[in-house]
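Note sheet for the following structure.
The values are calculated or read from the model by the stated rules, or taken from the named source; none is laboratory data. Just so it is clear, the model here is predicted, and its values are computed rather than measured. Cβ placement follows ideal geometry from the backbone for every residue including glycine, while neighbour counts extend to all protein chains displayed.
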Amino acid sequence: MGPETRRRTTSAPAELLPDTLPDSEADEPERGPFRRCLVTRERQAKEAMVRFVLGPDRKVIPDLAERLPGRGMWLSAKADVIEQAARRGAFAKATRGEALVPPDLRATIEDGLRGRIRDLVGFARRAGQAVSGWQAAREWLQAGRAGLLVQAADGSPAEKARLVGHRPVPVVAPLDAGALGAVFGRDRAVHVAIARGRLAERIAAEAARLEGVTLPSGTAPSRGSRKPGRDPADDRARPDASDDGRDGATGGQV
């Protein structure tokens, strides 16, 4: 197969790809920052993928931390890709044997990613790299200290837009207000600012993976995960009643 033909095969839709995994691809070593997806055959950055291993009982296990022993099998972090892998027996073909796929595989991945995001936000809080509350987050935005905003998926879209405006700060909404609040020892938290740096980047990457495995391919992101477009021009903007900015000090202060 010539180079031109191989490129066409790599970029073809998943449903048109051959049903067998070439040995040269199945046995690729896990080195470097890129991996090949079992379904699409595309090589992507690891941060945009999910690793799987086969347990002793031949059960397919998602390895979100990429630490479990065994030969890794990689899929793009997309809902339709994961569903196709389970339906078409991609894991069994990759391992050349039986591979038991749990019926709740995608739900397990979603729960695991949410847990990782909670842990990372909690680590940021303990390290003094996160604050919660409308007013505290706004102060960090104005000072240029925020590298990421984590906002509650069930928070008010209008308040989210008023807080962020046109500021060039990434916004993600992977957790509900109750889950975010628990990280800060509160019932609810709608607005959380994360300091610039590696932690903000890791949280953003995990949120992107979660959004990918949660939403079917081609579905528009939720409003909470977009960058809202209106700038709060004055100090009269009131915090979301469910996330009073006055207690933003419950997060760590840098």
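Considering the conditions (1) buried (at least 24 other Cβ atoms within 10 Å of the Cβ); (2) more than 21 Å from the chain's Cα centre (by Cα); (3) part of a loop (DSSP other than H, G, I, E, B), Gly128 is excluded by exactly one of them, (1). Of the listed requirements (1) touching a Leu at 6+ places or on another chain (Cβ under 7 Å); (2) at pLDDT below 85, Asp240 misses just one: (1).
Taken over segment 170-187, residues that are surrounded by fewer than 21 Cβ atoms within 10 Å (Cβ to Cβ) and either in contact with a Gly (Cβ under 7 Å, 6 or more places away or on another chain) or more than 15 Å from Ala137 (Cα to Cα) (or both) amount to 7.
Beta carbons closer than 8 Å, at least 6 apart along the sequence or on distinct chains, pair a first residue in segment 41-57 that is farther than 17 Å from Ala90 by Cβ with a second that is polar (S, T, N, Q) and buried (at least 19 other Cβ atoms within 10 Å of the Cβ) for Ala48/Ser76.
Among the residues of segment 114-131, not one is polar (S, T, N, Q) and over 15 Å from Arg196 (Cα atoms).
Residue count for segment 29-70, restricted to those that are more than 28 Å from Arg198 (Cα to Cα) and touching an Asp or Glu at 6+ places or on another chain (Cβ under 8 Å): 2. Of the residues making up segment 189-212, one or more are modelled with pLDDT of 95 or more, part of a loop (DSSP other than H, G, I, E, B) and closer than 21 Å to Asp111 by Cβ. Candidates in segment 50-74 are the residues that are of a type in the set (Lys, Arg) and in contact with a strand residue (DSSP E or B) (Cβ under 8 Å, 6 or more places away or on another chain); of these, the one that is farthest from Arg209 (Cα to Cα) is Arg58.
The residue that is modelled with the highest pLDDT, among those in segment 220-233 that are part of a loop (DSSP other than H, G, I, E, B) and within 15 Å of Ala153 (Cβ to Cβ), is Ala220.
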